[in-house]
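Worksheet for the structure shown next.
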Amino acid sequence: MDSGGANTFVVEPKDEEKFYPSKVRKLIQEIMDDKLKNETYDANNTPNLAEELVKRIRSKVRDSIKMPRFKVAVQVIIGEIKGQGCKVTSKNLWDPTWDNYASYSFQNESIYGVAIVFGVYYE
């Protein structure tokens, strides 16, 4: 029965519907490796590339993993490799019992990419 977004008083996800970072990370890795392996850095194309990756990752996570009570947010960062270091951090207010994230970093000779997928459980 579809609740139409109304509260169903389900206060925790079923085991098979939890956000498992290892499963999500595999999907991110497949997409990032496939899309970025032959890419070279182009400042004009980077915003479009990041947006495409966000859409592909979000779609793959939603379609491949059954997590109906999780909101999924995706963040992708792409930059040029010029001998520098890069650290990506985030700060969130969430329930550590159910909410989680998965991330993957990619690097070739020209570019680096970092993708983070956040899964936030809602009742």
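Condition (residue is part of a strand (DSSP E or B), hydrophobic (A, V, I, L, M, F, W, C) and either touching a residue at least 40 places away in the same chain (Cβ under 8 Å) or over 30 Å from Val10 (Cα atoms) (or both)) applied to region 92-102: is it met by at least one residue? Yes, because at least one residue in region 92-102 is part of a strand (DSSP E or B), hydrophobic (A, V, I, L, M, F, W, C) and either touching a residue at least 40 places away in the same chain (Cβ under 8 Å) or over 30 Å from Val10 (Cα atoms) (or both). Evaluation of Ser64 against the conditions (1) among the small types (Gly, Ala, Ser); (2) at pLDDT 90 or above; (3) touching a strand residue (DSSP E or B) at 6+ places or on another chain (Cβ under 8 Å) shows that the sole unmet condition is (3). In region 43-67, the residues that are over 20 Å from Lys26 (Cβ atoms) and free of Cβ contacts under 8 Å to residues at least 60 places away in the same chain reach residues that are assigned to a helix (DSSP H, G or I) and among the hydrophobic types (A, V, I, L, M, F, W, C) with C-beta atoms within less than 9 angstrom, at least six apart or across chains, in these pairs: Leu49/Leu36.
Table: residues versus (1) surrounded by 14 or more Cβ atoms within 10 Å (Cβ to Cβ); (2) closer than 18 Å to Phe106 by Cα; (3) among the aromatic types (Phe, Trp, Tyr).
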| position | (1), (2), (3) |
| --- | --- |
| Glu30 | yes, yes, no |
| Asp34 | no, yes, no |
| Thr40 | no, yes, no |
| Asn45 | no, yes, no |
| Arg56 | yes, yes, no |
| Phe70 | yes, no, yes |
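The values are calculated or read from the model by the stated rules, or taken from the named source; none is laboratory data. Note that the structure is predicted; figures quoted are calculated from it, not measured. FYI the Cβ positions are ideal-geometry reconstructions off the backbone, even for glycines, and counts take in every protein chain you see.
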